[in-house]
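Step one of this worksheet: look at the structure below.
The values are calculated or read from the model by the stated rules, or taken from the named source; none is laboratory data. In this text, all values refer to a predicted model and were calculated from it rather than measured experimentally. Note: ideal-geometry Cβ built from the backbone for every residue, glycine included; neighbour counts use all protein chains shown.
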Amino acid sequence: MEQIVNLHIEKLPEGVYLATSEEVPGLVAQGYTLIETLEIARDVAKRLLEAQAERQSPIHLKTAEDAFDYPLVVSG
């Protein structure tokens, strides 16, 4: 089952991207590119959700339905 985690992403003055989530406590990911940051955030979120499930206190997120909106970031 795929779930949707909302991320807050900001570019830091050092030139790296930082991703956090209010929905998944402890989710912090940093990368040199948006893609790298998103990949790290996905891995961190997966591990945090698995750990919460093992503690029998799962985090309840929206399930990815058959259709949903996704903001696509492109460089220009």
Count, please, the residues in the stretch 53-69 that happen to be under 14 Å from residue 25 (Cα atoms) and either β-branched (Val, Ile, Thr) or free of Cβ contacts under 8 Å to residues at least 12 places away in the same chain (or both).
5
Scan the stretch 32-55 and tell me whether some residue there is surrounded by 12 or more Cβ atoms within 10 Å (Cβ to Cβ), more than 8 Å from the chain's Cα centre (by Cα) and not in a helix (DSSP H, G or I).
no
All but one of (1) out of contact with any Lys or Arg (no Cβ under 6 Å at 6 or more places or on another chain); (2) surrounded by fewer than 17 Cβ atoms within 10 Å (Cβ to Cβ); (3) of a type outside the set (Asp, Glu) hold for residue 4; which doesn't?
(1)
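Just to be sure before I move on: is residue 71 surrounded by 11 or more Cβ atoms within 10 Å (Cβ to Cβ), part of a loop (DSSP other than H, G, I, E, B), at pLDDT below 95 and out of contact with any Pro (no Cβ under 6 Å at 6 or more places or on another chain) in the structure I sent? It would help to see each step written out before you state the result.
Values: surrounded by 11 or more Cβ atoms within 10 Å (Cβ to Cβ): no; part of a loop (DSSP other than H, G, I, E, B): yes; at pLDDT below 95: yes; out of contact with any Pro (no Cβ under 6 Å at 6 or more places or on another chain): yes.
In short, no.
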Conditions: (1) more than 16 Å from the chain's Cα centre (by Cα); (2) in contact (Cβ under 8 Å) with a residue 12 or more places away in the chain; (3) in a helix (DSSP H, G or I). Residue 15 meets all but one. Number of the miss?
(3)
Top-ranked residue in the stretch 11-31 [being loosely packed, with under 11 Cβ neighbours inside 10 Å and in contact with a strand residue (DSSP E or B) (Cβ under 8 Å, 6 or more places away or on another chain); ranked as farthest from residue 50 (Cα to Cα)]
12
